[in-house]
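The values are calculated or read from the model by the stated rules, or taken from the named source; none is laboratory data. Values in this document were obtained by computation on a predicted structure and should not be read as measured data. Because the Cβ atoms are built from the backbone with ideal geometry, glycine has one as well, and the counts that use them run over all protein chains shown.
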Amino acid sequence: MGGFFGAVAKSQNILQDVFFGTDYHSHLGTKSAGLVAFDDELGLQRKIHNIKNAPFRTKFDNIFELMQGRSAIGCINDTDPQPLLVRSKLGIYAICFVGIVNNAEQLIQKYIEEDGGQFGAQTGGAVNTTELLAAFINHKDNFVDGIKYAQDIIDGTVSILILKDDGNILVARDKRGTLPVHIGKGENGYCVSFESFAYRKLDYADEYELGAGEIVEVTPNGYKSLKPANPEKKVCAFLWSYYGYPTSDYEGINVENMRQKNGRIMASNDFKDGKFPDVDCVAGVPDSGIPHAIGYANGSHLPYSRPFIKYTPTWPRSFMPSSQVDRNKVAKMKMVPVQELIMNKKLMFVDDSIVRGTQLRETVEFLYENGAKEVHMRSACPPIMFSCKYLNFSRASNPMELITRSTIVELEGEEGLKYLDEYSDANTERGKKMREAICKKLHLKSLEFQTLDGLIEAIGLEPCKLCTYCWNGKE
């Protein structure tokens, strides 16, 4: 995943705004970060750092001594180092993006074989995806046509931020509108951001949210749409249930409010279906599971509790080990129990989602080790049946890494994959068997998932405007 922030000012050095605006996207990326500033005398200046083992602020704490400018962009991501500086027939510019390019290898070969082009290779021959994106933008005679061309040949999702050598910013939302792009207005200029709360904290007001595929130029005095939005959009529903920061809004819908509403709907469903168990309290798996759990507790009239606390001063979300084994170890080390709230208690936990189940299994074992009598689980979204191909959440080289699919195959072999809809539905025999099998795997007393209808109701958008591919496989 990743996030970006940019700003243009009429007179002042805008780098401080972009520094803090980029930092407010730290929950979206853990691998690398970069800043580019434009100054009328110095031109474009760039700094990039690896943030795997240190937060953004630590790596860029001396940036104000090194760079300055009346416009700037920044990016935090889980992919390749960016923004990049590019020199081409379109001029010198800085570029970054958020999203994923699924057909990168094919596009690299296309560029090399058909255009006789070349790329700077990384270790093992890999190519920076941002450089690949720039190469296809440069195919055309202007940025708008180039961005449209690149987005058309890319299989995946790319929202693009460009800082030109005149100090203006170009921003393009991905074709499906999977990810958000906002414009904020301040006293001295305008900004562009993935997360809306980032610019509000910097005294910018909500001004505009780009439509799917729209391209906009932002200047110190305003903004202009250079390509109109596509008529349809498919916004990632995971923005509300998992990705988004609680204070953010997408399509005018607040994340925290949606999550609490989602929890209330889950509680209502459990009561309606006669599935609400006898428990002592409701708790959330930190962090994004907490508001779902608060909603569930409010909807069920049960006390909300925090049986364990996540210790974040040493290992916050913004920098985690790259190894899955190490991540699992750190996740376990971060959990500090409140034994008085666990010992001999029947606990209901709510998590934002269940993907592979590895960390959840360790969480459940941790609770039993500390004296829990029973552990029940509710997932704030439906069973994940498909690896995401539009972003990199739930993305796996093998879909069988998903606990749902692996469990289905264990129950009735490859034949079972023909009945994913039935397995998703808790009211079918197949759906009941899958839930029972996952309970045994994870040592849960009971397990249920939010329904797709319930999730859509909590978000409040028309179903046709939401991407729900990872749950139902529909594009």
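Consider V375 carefully, then state whether it is among the hydrophobic types (A, V, I, L, M, F, W, C) and within 17 Å of the chain's Cα centre (by Cα).
No: the conditions fail for V375.
Applying the selection to region 116-131, what residues are in a helix (DSSP H, G or I) and exposed (fewer than 12 other Cβ atoms within 10 Å of the Cβ)?
Selection gives T123, G124, G125.
Somewhere in region 437-454, is a residue out of contact with any helix residue (DSSP H, G or I) (no Cβ under 6 Å at 6 or more places or on another chain), at pLDDT 95 or above, acidic (D, E) and within 30 Å of N257 (Cβ to Cβ)?
yes
Among the residues of region 179-186, is there at least one that is part of a loop (DSSP other than H, G, I, E, B), at pLDDT below 95 and among the β-branched types (V, I, T)?
No - not one qualifying residue is present in region 179-186.
Mind counting the residues in region 16-33 that are under 11 Å from A72 (Cβ atoms) and either at pLDDT below 90 or crowded, with 24+ Cβ neighbours inside 10 Å (or both)?
Just the residues of region 16-33 that are under 11 Å from A72 (Cβ atoms), to begin with: 16-19, 21-22.
So of that shortlist, the ones also either at pLDDT below 90 or crowded, with 24+ Cβ neighbours inside 10 Å (or both) come out as 17-18, 21-22.
The total comes to 4.
Residue by residue, here is whether (1) farther than 23 Å from V218 by Cβ; (2) hydrophobic (A, V, I, L, M, F, W, C) holds:
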| residue | (1), (2) |
| --- | --- |
| I14 | no, yes |
| D17 | no, no |
| K31 | yes, no |
| E41 | no, no |
| F64 | no, yes |
| G74 | no, no |
| A94 | no, yes |
| N103 | yes, no |
| Y111 | yes, no |
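When you scan region 190-225, how many residues do you find that are assigned to a strand (DSSP E or B), touching a residue at least 60 places away in the same chain (Cβ under 8 Å) and more than 18 Å from the chain's Cα centre (by Cα)?
Residues flagged as assigned to a strand (DSSP E or B), touching a residue at least 60 places away in the same chain (Cβ under 8 Å) and more than 18 Å from the chain's Cα centre (by Cα) within region 190-225 amount to 5.
Yes or no: region 234-257 includes at least one residue that is buried (at least 23 other Cβ atoms within 10 Å of the Cβ), over 18 Å from the mean Cα position of the chain (by Cα) and β-branched (V, I, T).
Among the residues of region 234-257, not one is buried (at least 23 other Cβ atoms within 10 Å of the Cβ), over 18 Å from the mean Cα position of the chain (by Cα) and β-branched (V, I, T), which makes the answer no.
Among the residues of region 268-277, are any surrounded by 21 or more Cβ atoms within 10 Å (Cβ to Cβ) and either touching a Gly at 6+ places or on another chain (Cβ under 6 Å) or modelled with pLDDT of 95 or more (or both)?
Taking every residue of region 268-277 in turn, none turns out to be surrounded by 21 or more Cβ atoms within 10 Å (Cβ to Cβ) and either touching a Gly at 6+ places or on another chain (Cβ under 6 Å) or modelled with pLDDT of 95 or more (or both).
Condition check ((1) of a type in the set (A, V, I, L, M); (2) closer than 18 Å to L442 by Cα; (3) modelled with pLDDT under 95; (4) outside the structural domain of E365 (by TED's automatic domain parsing)) across all residues:
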{"position": "D280", "(1), (2), (3), (4)": "no, no, no, no"}
{"position": "D287", "(1), (2), (3), (4)": "no, no, yes, no"}
{"position": "P291", "(1), (2), (3), (4)": "no, no, no, no"}
{"position": "G299", "(1), (2), (3), (4)": "no, no, no, no"}
{"position": "I309", "(1), (2), (3), (4)": "yes, no, yes, no"}
{"position": "R327", "(1), (2), (3), (4)": "no, no, yes, no"}
{"position": "L347", "(1), (2), (3), (4)": "yes, yes, no, no"}
{"position": "V350", "(1), (2), (3), (4)": "yes, yes, no, no"}
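Within region 44-80, count every residue that is touching a Phe, Trp or Tyr at 6+ places or on another chain (Cβ under 6 Å), modelled with pLDDT of 90 or more and part of a loop (DSSP other than H, G, I, E, B).
Result for region 44-80: 1.
Looking at region 152-160, is at least one residue of a type in the set (D, E, K, R) and either outside the structural domain of I76 (by TED's automatic domain parsing) or over 21 Å from the mean Cα position of the chain (by Cα) (or both)?
There is at least one residue in region 152-160 that is of a type in the set (D, E, K, R) and either outside the structural domain of I76 (by TED's automatic domain parsing) or over 21 Å from the mean Cα position of the chain (by Cα) (or both).
Of all residues in region 351-369, which are farther than 23 Å from E401 by Cβ and either surrounded by 22 or more Cβ atoms within 10 Å (Cβ to Cβ) or in contact (Cβ under 8 Å) with a residue 60 or more places away in the chain (or both)? Spell out the reasoning first.
Step one: list which residues in region 351-369 are farther than 23 Å from E401 by Cβ, which gives 367-369.
L367, Y368, listed by residue number.
Report yes if A134 is under 28 Å from the mean Cα position of the chain (by Cα), surrounded by 15 or more Cβ atoms within 10 Å (Cβ to Cβ), among the small types (G, A, S) and more than 26 Å from E475 (Cβ to Cβ), otherwise no. Steps first, please.
Working: under 28 Å from the mean Cα position of the chain (by Cα): yes; surrounded by 15 or more Cβ atoms within 10 Å (Cβ to Cβ): yes; among the small types (G, A, S): yes; more than 26 Å from E475 (Cβ to Cβ): yes.
The answer is yes for A134.
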